[in-house]
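**Q** Dumping the structure here so I can ask a few things about it.
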Amino acid sequence: MPRFYLHVCNGSGFTEDCEGHEFDDAEGARNGAIKGIRDLMSEELRKGEINIASYIEIEDETRQLIRIVPFTEAVEVKSDPCPPARTRRGAASAP
């Protein structure tokens with residue numbers, strides 16, 4: 001199984017993946033990077049911050065850069081407002 005290296009570049013600096021991870025292919029490595037990004041973002045969120053300019057570099061087993069996965073690719077940011085409580089409960093609207 002091929003080995004891929006997932007290097008993290010975020011507000012803390014550059015963290016090199018020296019050991020690598022085994023994935024079936026490059027798409028599997030991307031999915032692994034997405035999972036890693038979500039884990040990192042959840043840690044950042046608990047601290048009250050998220051650096052969306054961060055990314056993971058994926059290198060193949062020959063140490064060639066094959067893809068950069070930005071943190072923004074790992075989540076869908078929405079800003080749809082919640083309906084007012086009155087509407088959610090089925091009550092009539094205020095006059």
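**Q** When the helix-only estimate is applied to the chain (DSSP H runs of n ≥ 4, each -39,500 (n - 2.57), divided by the residue count), what is the mean residue ellipticity at 222 nm, nearest 500 deg cm²/dmol? All intermediate terms of the calculation are to be shown ahead of the outcome.
**A** Numbers: 2 runs with 25 residues, N = 95.
Mean residue ellipticity at 222 nm (helix-derived): -8500 deg cm²/dmol.
**Q** Which of (1) 108; (2) 138; (3) 91 is the computed volume of the Cα convex hull per residue in Å³ for the structure on display?
**A** (2)
**Q** Can you list the residues, at least 5 places off or on another chain, whose amide H is less than 5 Å from the amide H of D17, using H built in the peptide plane?
**A** When sequence neighbours closer than 5 places are left aside, the close amide H contacts are L6, H7, V8.
**Q** If amide hydrogens are placed 1.01 Å from N in the peptide plane, which non-local residues have theirs closer than 5 Å to the one on I66?
**A** HN-HN under 5 Å from I66: I58, E59, D60.
**Q** Additional query: Which residue fluctuates the most in the chain, going by a Gaussian network model with Cα springs under 10 Å, if the choices are R46, R38, R30?
**A** Fluctuation is largest for R46.
**Q** Now for a different question. Give me the net charge of I52's neighbourhood, meaning all other residues with Cβ under 15 Å from the Cβ of I52; Lys, Arg count +1, Asp, Glu -1. It would help to have the intermediate numbers written out before the result.
**A** Details: positive: R38, K47, K78; negative: E43, E44, E49, E73, E76.
Net local charge, I52 excluded: -2.
**Q** For the chain, modelled as a GNM with alpha-carbon contacts under 10 angstrom, which of S42, S79, S54 fluctuates the most?
**A** Between S42, S79, S54, it is S79 that shows the largest mean-square fluctuation.
**Q** Same structure, new question: If you build a Gaussian network model of the chain, linking Cα atoms that sit under 10 Å apart, which residue out of E76, E57, E16 swings the most?
**A** Among E76, E57, E16, the largest mean-square fluctuation in the Gaussian network model of the chain belongs to E76.
**Q** How far, in nm, would the chain grow between C82 and K35 when pulled straight, counting 0.36 nm per residue and subtracting the alpha carbon separation? It would help to have the intermediate numbers written out before the result.
**A** Details: separation 47, 0.36 × 47 = 16.92 nm, distance 2.76 nm.
Once the chain is fully extended between C82 and K35, it gains 14.2 nm.
**Q** If I model a spin label at E43 and I66 as a point 7 Å from the Cα along the Cα→Cβ vector, what separation in nanometres do I get?
**A** Result for the modelled spin labels: 2.5 nm.
Every number in this text was worked out from the coordinates using simple rules, so none of it is lab data. If you're wondering where the values come from, they're calculated on a predicted model, not measured in any experiment. In this analysis, Cβ positions are derived from the backbone assuming ideal geometry, glycine residues included, and neighbour counts consider all displayed protein chains.
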